[in-house]
1. Considering only segment 120-134, I want to know if a residue exists there that is modelled with pLDDT of 95 or more, out of contact with any Leu (no Cβ under 9 Å at 6 or more places or on another chain), surrounded by 11 or more Cβ atoms within 10 Å (Cβ to Cβ) and part of a loop (DSSP other than H, G, I, E, B).
2. Does segment 24-49 hold any residues that are over 21 Å from residue 105 (Cα atoms), at pLDDT 95 or above and touching a helix residue (DSSP H, G or I) at 6+ places or on another chain (Cβ under 8 Å), and which are they?
3. What tally of residues in segment 33-49 results from selecting those that are surrounded by 10 or more Cβ atoms within 10 Å (Cβ to Cβ), aliphatic (A, V, I, L, M) and not in a helix (DSSP H, G or I)?
4. Using the structure shown, decide if residue 30 is in a loop (DSSP other than H, G, I, E, B) and touching a Gly at 6+ places or on another chain (Cβ under 7 Å).
5. Looking at (1) modelled with pLDDT under 90; (2) surrounded by fewer than 16 Cβ atoms within 10 Å (Cβ to Cβ); (3) touching a helix residue (DSSP H, G or I) at 6+ places or on another chain (Cβ under 8 Å), which is the one condition that is false for residue 70?
Amino acid sequence: FVHMEAPVYRRGLARPGPTWRETMLMHGIARLVLGPVLHNIQVSWAKLGEEGAARILNAGANDLGGTLMNESISRAAGAAFGQELSPERMDALIESIGRRPVQRTTLYGTPPAERIAQSYQATPLEALQFRSAKEYRAGH
């Protein structure tokens with residue numbers, strides 16, 4: 001939950017998202033309870049950043065959520081983390097915690113080798129500029 005621009009939060013009707021402890025517990029408990037039937041638990045780097053994602057991977061998650069070409073939804077909602085995480089950076093993050101990165105398809109299959117190779121040749125995105133809803137309404 002990215003709360004900063006959510007109408008329910010802006011009206012004072014919701015708290016500012018989960019605490020870090022709650023985020024860790026959600027992923028860890030999901031692994032303990034659902035692990036036998038739900039084999040893959042994803043962490044979102046776009047919501048938690050690279051360091052937060054690495055910590056959650058060590059707390060129960062086993063899937064670093066997507067390359068997300070031009071991730072703008074979380075950023076537009078107020079999240080502080082990037083619009084893109086390249087395959088090289090994803091690999092480095094995963095390897096930094098002693099894990100082996102493996103690319104997958106949406107349905108957890110193995111992508112063709114040429115698709116994997118292409119993913120490492122993508123042109124980096126240009127940075128997007130976001131304005132708050134208040135700035136947008138004011139026309140700034």
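1. no
2. Answer for segment 24-49, where residues must be over 21 Å from residue 105 (Cα atoms), at pLDDT 95 or above and touching a helix residue (DSSP H, G or I) at 6+ places or on another chain (Cβ under 8 Å): 24, 27.
3. Qualifying residue count, segment 33-49: 3.
4. When the stated conditions are applied, residue 30 does not pass them.
5. With respect to (1) modelled with pLDDT under 90; (2) surrounded by fewer than 16 Cβ atoms within 10 Å (Cβ to Cβ); (3) touching a helix residue (DSSP H, G or I) at 6+ places or on another chain (Cβ under 8 Å), residue 70 is out only on (3).
The values are calculated or read from the model by the stated rules, or taken from the named source; none is laboratory data. These figures come from a predicted structure and were not determined experimentally. All Cβ positions, even for glycine, are placed from backbone atoms using ideal geometry, and neighbour counts span all protein chains on display.
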